Each structure stands twice: as structure tokens, then as C-alpha cells.
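Below you'll find the structure, written out as C-alpha cells, and then a few comments.
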């Protein structure tokens, strides 16, 4: 007799490939990226899939199209009772934003899920388990995994880790997770000798019952307090990955961040500590402007023993890192630590690090117009990220900021803006507040703009005016041309004006391209400057 519910602890990829889910009713909650990937994977495994999403079907057109004709029962819209979608299901799978523990989850759905959790805790055999997309992936993944988390820097670090691991032709390196590429539907193609890099957000971490082989932390500051209620609760969520790391793996920690540094010794996996100074024993750091390692031990799956380096532990000179800013040096230290754990040769790490060109919307060079360079840091929604961006470029800088307020203290940011920026152009709902804060901190020149396109044009005009007053090139102008920088780093969410930060970044790039029509030609590629 087939059990009414599916026990996720007894699922395996081999069993699913042999038909363990065929004909079984499974619910998918949410039809965003993770929900689409879940629906595709489960339908391809033969399950009878019901998808619930509180948004009306007209808003789900793109997601429905990505299902590519798979047979899926869709229940959508505010008139649908979410309990209907879960009735008679053997397993419930969910997008990361949907959780009985999150106050941001739709109230009706949250109530139904809380009742199911209580029933399951009481031993009700008919109460199905609730599994997130990323937890299901980690339960079933046949390959070693590298989980990367942090308040900021996790996307760049994840992408750089994958770029470094891809330098080893004997192992395919796969990237996904919170970076926008759900991995569950790639399970059928993964092999045991692959290396899988998974970016993990504060949404995904509370849903995990399994850890990764390697856990990498960039930093833990303050964010998403609307979901977690307090800074301490947010920190508890971030700690989850360290608590679950594989004992035969490693914990890669940033000693320059006090919260992350306190994770050292947590669990039974060895620590690899990185910092922006001389490395600790078994860690990675900087000596005489070189990234160096001090006897990092390779993982058992990479053969064990001390990882190879150049003389004195050298890996590569800082001057060869193409990404600007001290925060990106820290991200590189984290990624290089992982490369050493997996046994990459130092010359391979050096070559791959030097060829990395960053990630879209994170200090992304958009181009240069007549000595004014434009940088898209649309993902800079949190003050620490904006501060790092302002410190990554020489003066003069014209900052474009504003959007939907995230309820975070911006007083330190205002001080740095007054110190580092020559002017600021403010947009969105938080524009007036930011203008008041920046002026109170000492910034003399500010303007407001109704749209991002207008902001780009005003910032360009201000930057040109300031640049015209630069009599000579500075040492930081390597080709003898004095430059000014227009930096989009909003210190706010995008939802007042755009669908997400990516849409905002694309709009910024489009505005720069449109601006080029007023000049002699298209903007010179910003990547060439590196």
C-alpha cells in the first residue's frame, strides 16, 4: 500500500528517477522562479502537481509560459482558498518567501501552513511535510555543495567561486540558488564529480534541514528586519548554515566581521579564516599587497594535505584583481579560500581571479562618456554596500540614490556620503528623506529627480561640470585622463518605481545608452578600464 504522505527523509534522487513520485499529488506554493523550477522538476518526475499563488493569473503569464506546457493544475488569485490547493497532497513544496514562520507570508496561507505544522508535530499521519525548493535540492544533490551567505557580497563571492572552480576541467562547476537560478530542476543532470555553488539568502536558510559541504560567510550586518523582527533573530537565521555544515567539509569565515568571526569552532567542520591582513594559521590573508595562504588544508574529497601555493604562500598580487574596492578584496579572499580547499593550483587561481569581471548590478561598469564613468550598483540597497561602493572609486563621485525605505539606520551612510560624494541626485519615495540626511551631514549639493532617466542626465551634467574644474589628472587616473564617476547605489529597495533591483539596473544602463546619443557615439565599455 502506498503511504498517503511522502517522507522527504526517505526520498533519494535514484528513487525519484525510478518513479517514486509518479502519480503522487504534490503542491507547489508560489509561482515565482523557485516555484516554476519546482513545478517543472516534479512534473517531469511524474507527479500530479498543483500550484497555488495568491496573485491573479494575468500576473503569472510569464511564469506560466516558463512551464512550457507541462500538465499542472493552477489555483491562483485572491478568491482561491489556499487550503484547497493543499487538500489531499502527499507533499508540499514552497518558494523561499513562503513560510509559516514569516509574517510577510500571505495571512490565509500562513494560517493553513501553521495548522499543518501543528498537526504534523502532533503525529497526524495525513499531515504532509513542507519542503522548500533549496532544501529539497540539498537533500537530493549527488555532488559536493558550497553554500555562500552574508548580508552583502554573497552574489559576487558565489560567482567568483564558480569562476575559480571552473578552472579545473576535470570537474564541472555549477552556480545557482538565490542568485536567480533555482537548482532543483537541474538535479537530473548533476554528477557526483560536479561542484555546485549555492547562494543562500535569509529567506532560504530557515527552511534548511541539510547543510552544504562548505559554508562560506561574507558578513552579517542588518537587513530584512521586517521579516525577522529583530537584529538578533536575523543573526540567528544567518547562523543556520554554519550549524549544518558537513563535518567532512569546512567553514570559511571572515575574521574582519565580528558576528561571522564568532562562528569559529561552531560544529565539527574545520575553519578557514580569511582577513584583510596577515593570515592566521590555516587561513588566507594579505602580506605586502599579495593574497597569501598559510597552510590551508584541502578537503578530504580533494585528497587532503596542505594546499599548494607560491613562495611564501603567495597566490596573486592585489593589483591583478579586476574588481574595485576593499570589500571585493574580502570577497576574493573568501573565494580563493574555497579554491584552495578544493585543491586548485595557485597559478590556476591567479589566472581565473584576474579574468573575473564581476556580476551585473554590483559595481558593474556600464561605460564611460567623455571622462564620466557610469557604475551600476543597483543591488546596493543596504548602507554597508553603498559605503563600500563610495569607497571603491576616487573623487569626484555623483551619487544617485533613493527608492523604497527599508527601515534601516542611515546615519553612518549620510556621514560617508558627505565625505566621499561631490553631489547626490535623489529619486523615489525615500528621496526627500535622503536629501535631508545628506545635507544635515554636510553634503552641499543635492537635487531631486522624478525618474531615473532624469537623474542620470542631471548626474552627468553635474559630473561634467565638476570634471571641468580638474586641472590635471591624478595618480588614480591611470591613462592621464581625469575622471568623474556617476554611481547608482540606491540605499533603498526598488519597489516604488521598479519590479526589482535588476529592472532598476537595466533602466540605469538604458538611460546611459540614451545619454550617449547626445554625445559622439556609444559609451566606451567600462570593462576596458579594468
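The values are calculated or read from the model by the stated rules, or taken from the named source; none is laboratory data. Worth saying up front: this structure is predicted, and the values here are computed from it rather than measured. In this analysis, Cβ positions are derived from the backbone assuming ideal geometry, glycine residues included, and neighbour counts consider all displayed protein chains.
Tabulated data
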{"item": "Any chance residue 14 is crowded, with 24+ Cβ neighbours inside 10 Å, outside the structural domain of residue 190 (by TED's automatic domain parsing) and not in a loop (DSSP other than H, G, I, E, B)", "result": "no"}
{"item": "Residue list for region 131-143, filter: over 20 Å from the mean Cα position of the chain (by Cα) and under 21 Å from residue 302 (Cα atoms)", "result": "141, 142, 143"}
{"item": "Verdict on residue 360 being more than 20 Å from the chain's Cα centre (by Cα), closer than 22 Å to residue 457 by Cα, surrounded by fewer than 24 Cβ atoms within 10 Å (Cβ to Cβ) and touching a residue at least 24 places away in the same chain (Cβ under 8 Å)", "result": "no"}
{"item": "Selection status of residue 399, surrounded by 24 or more Cβ atoms within 10 Å (Cβ to Cβ) and at positive phi", "result": "no"}
{"item": "Subset of region 69-101 [modelled with pLDDT under 95, closer than 22 Å to residue 134 by Cα and surrounded by fewer than 18 Cβ atoms within 10 Å (Cβ to Cβ)]", "result": "100, 101"}
{"item": "Set 164, 183: member being more than 28 Å from residue 346 (Cα to Cα) and crowded, with 19+ Cβ neighbours inside 10 Å", "result": "183"}
{"item": "Any hit, region 38-59, residues being in contact (Cβ under 8 Å) with a residue 60 or more places away in the chain, surrounded by fewer than 23 Cβ atoms within 10 Å (Cβ to Cβ) and not in a loop (DSSP other than H, G, I, E, B)", "result": "yes"}
{"item": "Any hit, region 77-84, residues being in contact with a strand residue (DSSP E or B) (Cβ under 9 Å, 6 or more places away or on another chain) and in a helix (DSSP H, G or I)", "result": "yes"}
{"item": "Answer residue from region 407-421, given it is in a loop (DSSP other than H, G, I, E, B) and buried (at least 19 other Cβ atoms within 10 Å of the Cβ) and is modelled with the highest pLDDT among those", "result": "421"}
{"item": "Which listed residue is in a loop (DSSP other than H, G, I, E, B), under 18 Å from residue 135 (Cβ atoms) and under 30 Å from the mean Cα position of the chain (by Cα), from 105, 5", "result": "105"}
{"item": "Selected residue (only one of 335, 307 is buried (at least 22 other Cβ atoms within 10 Å of the Cβ), under 19 Å from the mean Cα position of the chain (by Cα) and under 25 Å from residue 194 (Cβ atoms))", "result": "335"}
{"item": "Counted residues, region 162-184 - those being farther than 21 Å from residue 379 by Cα, in a helix (DSSP H, G or I) and touching a helix residue (DSSP H, G or I) at 6+ places or on another chain (Cβ under 6 Å)", "result": "2"}
{"item": "Residue in region 140-149 that is assigned by TED's automatic domain parsing to the domain that holds residue 41, in contact with a helix residue (DSSP H, G or I) (Cβ under 8 Å, 6 or more places away or on another chain) and at pLDDT below 95 present", "result": "no"}
{"item": "Residue check, residue 28 within 24 Å of residue 108 (Cα to Cα) and assigned to a strand (DSSP E or B)", "result": "yes"}
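Every residue, every condition in (1) under 29 Å from residue 201 (Cβ atoms); (2) under 20 Å from the mean Cα position of the chain (by Cα); (3) assigned to a loop (DSSP other than H, G, I, E, B); (4) outside the structural domain of residue 515 (by TED's automatic domain parsing), yes or no:
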position	(1), (2), (3), (4)
380	yes, yes, yes, no
388	yes, yes, no, no
440	no, no, no, no
459	no, no, no, no
